[in-house]
Amino acid sequence: MNAPAKTEDFAIKIPDGVYAETVLSVEHYTDHLFRFRMTRPAGFRFRSGEFAMIGLMVGEKPIYRAYSIASPAWDEELEFFSIKVPDGPLTSHLQAIKPGDTVLMRKKPTGTLVLDALTPGRRLYMFSTGTGIAPFASLIRDPETYEKFEEVILTHTCRDVAELKYGFDLVEEIRNHEFLNEIVGDKLKHYATVTREDYPSKGRITTLIENGKLFADLGVPALDPAIDRGMICGSSAMLKDTKELLEKAGLNEGANNKPAEFVIERAFVG
């Protein structure tokens, strides 16, 4: 495996229209999950919940994949949460990055998991599995989310308990943040579930929606299109099944150019 390059190693080779940013920190959660933070270009603007194409020079060629930006729009750094795929064209190299290494990023962010794509509501559900929590890591740290919604419910489903740690770390960071803690208050609820181990909340999120356990555990009524809004990010099967449940409850799918009651992100990391 080629080691990720330093900026000085290929400064001349950076493709046009691409940022070359420096890795600041890397944290490995499990054999399959890690997060990293890197410098943010001075002119880079994005809406919380959007994704960017990030990549590495592998040999003489850049390889890119879509990654949700996990940091909020106000953050001076950029954070990403990634899986590790042993034979993944990008992630097999990305998982080896260290502080000081260079990561490439195309200049135009995009995505549908943004507040602008939802019509006004009272309660916002963020349904995520695995690294699908990344765009919500951005949104739960954005004050605008709490200006628009009275209650924010982040659900995170993984196979094993160890894979939930990133979500718990995020909530802990908010609780300890000097200004976010006051803004968020008790508006944020974090609902973590696993599918393979014993845990107080066990099962796929779709099952917990269908049997009502999600709502019973949270002490909230079932989905109501008049007040509830949703965002979904996860595996293709989870997207399909959760979308069907929200539509069954009377919620309609929205987009940037046509806001509605819920939105889905269909960009994947590989």
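The values are calculated or read from the model by the stated rules, or taken from the named source; none is laboratory data. Quantities reported herein were computed from a predicted structural model and do not represent experimental measurements. Neighbour counts run over all protein chains shown; Cβ positions are idealised from the backbone, glycine included. SASA here: full protein model, heavy atoms, side chains in, ligands and nucleic acids out. Shrake-Rupley method; radii C 1.70, N 1.55, O 1.52, S 1.80 Å.
If you go through region 92-145 and keep only what is farther than 17 Å from Phe44 by Cβ, hydroxyl-bearing (Ser, Thr, Tyr) and surrounded by fewer than 19 Cβ atoms within 10 Å (Cβ to Cβ), you end up with Ser92, Thr119. The requirement of being surrounded by fewer than 20 Cβ atoms within 10 Å (Cβ to Cβ), touching a residue at least 60 places away in the same chain (Cβ under 8 Å) and of a type in the set (A, V, I, L, M, F, W, C) is fulfilled somewhere in region 153-171, by at least one residue. Counting the residues of region 33-72 that are open to solvent by less than 40 Å² (accessible area, probe 1.4 Å), over 13 Å from the mean Cα position of the chain (by Cα) and within 18 Å of Glu144 (Cα to Cα) gives 1. With respect to the conditions (1) modelled with pLDDT of 95 or more; (2) surrounded by fewer than 21 Cβ atoms within 10 Å (Cβ to Cβ); (3) closer than 17 Å to Arg106 by Cα, Glu76 lacks only one, and its number is (3).
Only a single item in (1) surrounded by fewer than 21 Cβ atoms within 10 Å (Cβ to Cβ); (2) of a type outside the set (Asp, Glu); (3) assigned to a loop (DSSP other than H, G, I, E, B); (4) touching a residue at least 60 places away in the same chain (Cβ under 8 Å) is not met by Tyr199, and it is number (4). Here Phe46 clears all of (1) without any contact (Cβ under 8 Å) to a residue 40 or more places away in the chain; (2) part of a loop (DSSP other than H, G, I, E, B); (3) of a type in the set (A, V, I, L, M, F, W, C) except the condition numbered (1).
When region 82-91 is filtered for residues that are of a type in the set (D, E, K, R) and open to solvent by less than 60 Å² (accessible area, probe 1.4 Å), only Lys84 remains. In region 50-66, the residues that are in contact (Cβ under 8 Å) with a residue 12 or more places away in the chain form Cβ pairs under 8 Å with partners that are of a type in the set (Asp, Glu), at six or more places apart or across chains, as follows: Phe51/Glu265.
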